Amino acid sequence: MLIKALCDYYEVLKKENIICPKGYEKLEYDYLIGLTTNGDIDSVIDPIDNEESTNSKKSTIIKNVPKREKTTHRKAYVLDHRPAYLFGIYKYNKPILTNKDKEEIKNAKESRKKFTESEKSFLNGIDSPLVNAYRKFINKEEDYFLNNKKLLDIKNFNGGKYAFCLTGSPEKVLNDDEGIKEKWEKEYTQKNNTSEEDICAVYGTKKPMAKKHLNIKKLKGAKGSGACLVPNKIECAFSYMKTENSYSNISIEAMEKYVEAFNFLLKDKNHNWTFKDMTIIYWASSTNEKIDDIMSIFMGQNINKDRHDVEYDLKNNFEKTSKGKSPNINGIYETDSDVDYYIVGVKPNISRISVIFFYHNTVGDILNNINIHQNDMSLNDKKQNISIQNILNELYNEKISVNNINSSLVNKLLSSIINNTNYPIELLSMIIKRIKIDEIKDKKSKDSLSKRICIIKAILNRKNRFLNKEEEITMQLNENNNTAAYVCGRLFAICEKLQEEALGELNSNIRNRYFASACSKPSVVFPVILKLSQNHLNKFDDEEKWKLKYYDKLIQEVISKFTTSFPQTLNLDEQGIFMIGYYQQKQDFYKSKKEKEEE
C-alpha cells in the first residue's frame, strides 16, 4: 500500500514537472556554451551575469540530464557537464606547475578521450542542427580549447557545469533535443530490462524485477549512505525459490518511482516532521501547497510561506466546525475534498526502514477531523492552533528530557486526531503529572498551564462524547457545574487567591504545598486548607473588610455545592476536572464585570 501510494505520488510530481522522469536527474548548470553550426564556441553565457536577466535573484539553468551512475572510477556520462571531459584541459594560474597540477592535466586528457569515444557512439544516428554542431565540437583538438580565450576567461572554469545550445538560440538547450531524449530513454529501458520478469506487486503486470532496491537518503537516524525500505538480504523472507529482492516482487520501474518520491518528501521540509528518531512524512495526491502548509502547521513545522494567511484559513475553518457548520474544504483550500491524503511514520534500524504507522484518508475527512481537534482544544473564544509539537512540548520541561517521551505516544496521538477517536490515556496522565510538579512563576509557565488545561478539557470532552454522556466541560467558568472534582478545584483556587490577598506573594504558598495532594485526596487536604483560609480572612484590617466578606461568601457558596463531604480520592479523569475548575476560577478573578456580563 505504501509503495503503491509513493508510485502514484511520483506520477503526480512528474506531471507537474517537479520531479524527473524515469532515467533522468536534475542538474543545475553554471554556464551555457553557444556553438556555431561548425562546432566553434561563439559565446559563453553566465546566467548570473546575463544582462538580459531582470531577476534580482540568482538565475540558473536547471535541466533534466541522463541519470548519472555513481562510481569511484573515471567514467564519462551522456551529455557530460564536467570541463575535464568536455574540453580535456585543466586551467591553472601559477607560473610553476605543481605535482597536483600535472596530475590534473593528465587526468583531463584521459577523461576527454573517454568522453569523445562514448559520446560519439551515443550520438550516432541522431540528426539535428544542434546535435550536428555538438558532434563537430566533440571532434575539436586539444589546441583549440587551450587557445580559446572565451573559455579561459571563465572565472570558475575547473568547477563549472556546462550546457550547450546553438548561438542565438539559448532557449533550446542540447538536453531538450528530442532525438537525444528518445535514444537515451530507449537505451535506459533496455539496460534495465535484463532482469528476470515477474508479476509486479504494484502494477499487477509482468515487468523486470528489481534485484537491488536503492537507498532512501537523508532519513534521520539512518547511515550516511541511506537505508532501504525493502532490504536487500533478509533470509527469513526467502521462499518459493525467490531470494535477494525478488521475494518482494517489486519491479525496477516501481522501485525507482517510490525511491524518487520518498527522497523528494524527505528533502522538502513541508512534507516531513521528525520526533526523536521517528520521521513522519505526509502528502496529498495533488500538488496543492496550501494543504501541505496546513498539515505542516498542524505538525508544528515552521513554513516558509505567509504563515498568517495559512493560520487564518485554519482558524476560519475550525471556527465553522465549532458552530456546527461544515467546513468549505473545496473553497478555502482550493482542492477537491476527495483527494487522497497519506501520513506515514518511519524509523530506520540496522537492516532497513521500519514503517511504524500508515494512515490513509481523504483530504476532506482529515482536515475536518483536525478542525474538530482544534475546537476540542480551545478553552475560550480566542481560537488558536494547537499543533502536535505544542502538545508534546507540554509533556516535558528544562528538567524533564524529551527522551522520556515514547515515540509510540506520537503515533497514538496522531491516530486519535486523524481518525477522530479518543486521545491516548497516557497523555492525560502525563499532563496531570506535569501540572502537579511544575511551578507557576512567570508568563511562560502561565501560558503552559493554559495549554495543558486545553489538552485536559479536550481529552475529557471527547471521552464523554464517545460515551454519549451529555455533560460537557465549557470554555468558561461554569458556576452550575456541581461535580465534586470541579467544585474542589474552584475552592482551591479561591483559597489560593485569598492567601495572596491577605499575605501578598510568598516563596511557598498553598499551591506549592498542597496542590498535588488536594488533587488526589481532597478529604485529607481541604480541612487543612480551609483552616488556613480562616486565618487569612482574619488578616484583613478595617479598610479591607469588603475582601473578608467577599471571600467568605464565595467560599461558603462553593462549599454549599457539595452534597456530601469532600471526596476521599479522585481518579485520573476527576483530577483533570479538578484542574479545569481550578484554572477557570483563577481566570475568572481577572475578568472585568463587563466581560462576565458578556459571557
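The values are calculated or read from the model by the stated rules, or taken from the named source; none is laboratory data. All of these numbers come straight from a predicted model, not from anything done at the bench. Glycine gets a Cβ as well: all are built from the backbone with ideal geometry, and neighbour counts include every protein chain shown. The protein model used for the area step is the full one, side chains on, heavy atoms only, and it has no ligands, DNA or RNA in it. Shrake-Rupley method; radii C 1.70, N 1.55, O 1.52, S 1.80 Å.
Would you check if there is a residue in the stretch 533-545 being in a helix (DSSP H, G or I), among the acidic types (Asp, Glu), surrounded by 14 or more Cβ atoms within 10 Å (Cβ to Cβ) and at negative phi? No; the residues of the stretch 533-545 include none that is in a helix (DSSP H, G or I), among the acidic types (Asp, Glu), surrounded by 14 or more Cβ atoms within 10 Å (Cβ to Cβ) and at negative phi.
Taking the stretch 392-408, which residues are at pLDDT 65 or above and open to solvent by 40 Å² or more (accessible area, probe 1.4 Å)? Reasoning before the result, please.
Kept after step one, since they are at pLDDT 65 or above, are these residues of the stretch 392-408: 392-397, 403-408.
Answer for the stretch 392-408, where residues must be at pLDDT 65 or above and open to solvent by 40 Å² or more (accessible area, probe 1.4 Å): Asn393, Tyr396, Asn403, Asn404, Asn406, Ser408.
Residues that are charged (D, E, K, R) and modelled with pLDDT of 90 or more were ranked within the stretch 458-494; the one that is farthest from the chain's Cα centre (by Cα) is Glu479.
Kindly establish whether Asn55 is surrounded by fewer than 14 Cβ atoms within 10 Å (Cβ to Cβ), at pLDDT 95 or above and either assigned to a loop (DSSP other than H, G, I, E, B) or touching a helix residue (DSSP H, G or I) at 6+ places or on another chain (Cβ under 6 Å) (or both). So that I can check it myself, show each step before the final result.
Numbers: surrounded by fewer than 14 Cβ atoms within 10 Å (Cβ to Cβ): yes; at pLDDT 95 or above: no; either assigned to a loop (DSSP other than H, G, I, E, B) or touching a helix residue (DSSP H, G or I) at 6+ places or on another chain (Cβ under 6 Å) (or both): yes.
No.
With the structure loaded, tell me whether Asn270 is touching a Lys or Arg at 6+ places or on another chain (Cβ under 8 Å), part of a helix (DSSP H, G or I) and modelled with pLDDT under 90 or whether it fails that test. Here the answer is no, as Asn270 does not meet what is asked.
The condition (being part of a loop (DSSP other than H, G, I, E, B) and within 23 Å of Val44 (Cβ to Cβ)) is satisfied by just one residue among Lys75, Lys63, Lys109, Lys91: Lys91. Identify, by number, the condition in (1) open to solvent by less than 40 Å² (accessible area, probe 1.4 Å); (2) of a type in the set (S, T, N, Q); (3) within 21 Å of Gly576 (Cβ to Cβ); (4) at pLDDT 90 or above that Ser378 doesn't meet. The failed condition is (4). Within the set Leu146, Leu166, the sole residue that is farther than 30 Å from Gly345 by Cβ, aliphatic (A, V, I, L, M) and open to solvent by 60 Å² or more (accessible area, probe 1.4 Å) turns out to be Leu146.
Which residue, of Lys549, Lys591, is open to solvent by 90 Å² or more (accessible area, probe 1.4 Å) and without any contact (Cβ under 8 Å) to a residue 24 or more places away in the chain?
Numbers: Lys591 fails: open to solvent by 90 Å² or more (accessible area, probe 1.4 Å).
Testing whether each residue is open to solvent by 90 Å² or more (accessible area, probe 1.4 Å) and without any contact (Cβ under 8 Å) to a residue 24 or more places away in the chain leaves just Lys549.
Looking only at the stretch 20-37, filter to residues that are acidic (Asp, Glu) and within 23 Å of Ile138 (Cα to Cα); which one of those is surrounded by the most Cβ atoms within 10 Å (Cβ to Cβ)? In this case the residue turns out to be Asp30. Scoring Leu506 on the criteria (1) of a type outside the set (Asp, Glu); (2) out of contact with any helix residue (DSSP H, G or I) (no Cβ under 8 Å at 6 or more places or on another chain); (3) without any contact (Cβ under 8 Å) to a residue 12 or more places away in the chain leaves a single failure, condition (2).
So which residues in the stretch 131-150 are closer than 10 Å to Leu35 by Cβ and among the hydroxyl-bearing types (Ser, Thr, Tyr)? Selection gives Tyr134 alone.
A quick yes/no check of all residues on (1) at negative phi; (2) at pLDDT 90 or above; (3) touching a Leu at 6+ places or on another chain (Cβ under 8 Å):
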| position | (1), (2), (3) |
| --- | --- |
| Thr274 | yes, yes, no |
| Asp277 | yes, no, no |
| Ile297 | yes, no, yes |
| His308 | yes, no, no |
| Leu314 | yes, no, no |
